[in-house]
Amino acid sequence: MVKTASLFSQLLQHFPRTEFAALVKKHGAEYGAKGFTCWTQFVSMLFCQLAQADSLREICNGLACCLGKLTHVGIDKAPKKSTLAYANQHRPASLYEDLFWTALERFRSKGVLGNHRPSKFRFRNKLMSLDATTISLCLELFPWAKFRRAKGGVKVHVLLDHDDYMPSYVLITEAKRADVKVAQSLHLNPGSIIAMDRAYNDYALFGRWCSKGLFFVTRMKARTRYEVVEARPLPQNRPILADEIIRLTSKKAQEDCPHLLRRVVVWDAEHEREIVLLTNHLDFGATTLSAS
């Protein structure tokens with residue numbers, strides 16, 4: 001238990017108490033508090049994440065089991081379940097949002113998160129991944145999150161920056177929100193490369209990104225109509241089955257995206273299948289595109 005508390009205290013050292021106290025004062029988070037500090041709340045909820053606790057009772061009992069070692073993490077005693085529940089309900093979440101951005105900026109400025117991609121990526125463009133996931137919720141507890149007849153949920157849309165593998169954009173919406181609707185609202189810097197799955201296939205979006213100097217790499221839909229403009233030579237000893245410059249041929253696709261695109265077919269040896277990629281980047285090597 002001493003070792004566990006020590007490791008926990010080492011983690012908490014990345015959140016300076018003076019900086020935390022300044023944020024608490026800024027947000028007035030301890031107004032009317034009666035001995036239960038925001039630091040104790042923060043330690044409790046961080047313990048919840050690390051211990052994968054499923055309830056307030058597990059958090060409080062887990063901290064109580066530290067048997068006097070709580071001084072190593074800056075609190076006097078384990079909180080009561082009702083006290084922690086009240087604090088979680090009434091204290092401003094903006095305090096911890098501000099704490100996140102402050103800590104993230106400090107980590108980035110010190111290079112703690114790592115500012116370099118793996119060596120296999122030999123380009124300077126900003127590489128980002130766009131994806132969404134649905135989180136199931138209990139309809140009895142969250143009736144506002146109705147998704148299906150007997151199921152609730154929300155959808156989390158994330159734009160991940162590969163420079164330090166931290167989200168640069170996160171949006172939580174109703175579970176029914178189409179992934180591509182969020183992609184249409186993003187404001188990205190020219191030259192950026194966005195990797196995404198088939199859910200984001202939208203030719204009007206691709207057309208706008210081509211015009212703005214944005215690059216995308218996605219999975220090509222099986223029913224896409226196109227004509228091959230150029231068949232490029234394939235790299236030796238690489239799992240590239242085809243590398244083609246194509247033009248979309250359906251009337252609507254031509255109107256929305258009249259630009260030349262690139263079709264790269266990659267062999268996935270692990271799952272023994274072909275993966276067909278669609279991109280508007282015409283210069284990178286096919287192997288580089290398949291790895292990104």
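The values are calculated or read from the model by the stated rules, or taken from the named source; none is laboratory data. Everything numeric here is computed off the predicted structure, so don't read it as measured data. Positions of Cβ are generated from backbone atoms using ideal geometry, with glycine treated the same way; all protein chains shown enter the neighbour counts.
Residues in the stretch 241-261 that are part of a helix (DSSP H, G or I), surrounded by 14 or more Cβ atoms within 10 Å (Cβ to Cβ) and not aliphatic (A, V, I, L, M): 254, 256. Filtered by the rule that a residue be crowded, with 16+ Cβ neighbours inside 10 Å and modelled with pLDDT of 90 or more, the stretch 70-82 gives no residues. Taking the stretch 35-64 as the range and being part of a helix (DSSP H, G or I) and of a type in the set (Phe, Trp, Tyr) as the test, the residues that pass are 39, 42, 47. Taking the stretch 122-146 as the range and being surrounded by fewer than 18 Cβ atoms within 10 Å (Cβ to Cβ) and assigned to a strand (DSSP E or B) as the test, the residues that pass are 131, 133, 134, 135, 136, 146.
Just to check your reading of the model, which residue among 289, 214, 234, 277 is touching a Leu at 6+ places or on another chain (Cβ under 8 Å) and farther than 24 Å from residue 131 by Cβ? Write out each step before concluding.
On the way: 289 fails: farther than 24 Å from residue 131 by Cβ; 214 fails: farther than 24 Å from residue 131 by Cβ; 277 fails: farther than 24 Å from residue 131 by Cβ.
Being touching a Leu at 6+ places or on another chain (Cβ under 8 Å) and farther than 24 Å from residue 131 by Cβ holds for just one of 289, 214, 234, 277, which is 234.
Within the set 227, 274, the sole residue that is part of a strand (DSSP E or B), surrounded by fewer than 16 Cβ atoms within 10 Å (Cβ to Cβ) and in contact with a Ser or Thr (Cβ under 6 Å, 6 or more places away or on another chain) turns out to be 227. Checked against (1) within 25 Å of residue 183 (Cα to Cα); (2) out of contact with any Phe, Trp or Tyr (no Cβ under 7 Å at 6 or more places or on another chain); (3) without any contact (Cβ under 8 Å) to a residue 40 or more places away in the chain; (4) of a type in the set (A, V, I, L, M, F, W, C), residue 217 passes all but condition (3).
Applying a threshold of 9 Å to beta carbon distances and a minimum spacing of six or more residues, or different chains, the list of pairs starting in the stretch 147-168 at a residue that is farther than 30 Å from residue 108 by Cβ and ending at one that is in a loop (DSSP other than H, G, I, E, B) and among the small types (Gly, Ala, Ser) reads 147/175; 148/175; 151/175; 152/175; 153/175.
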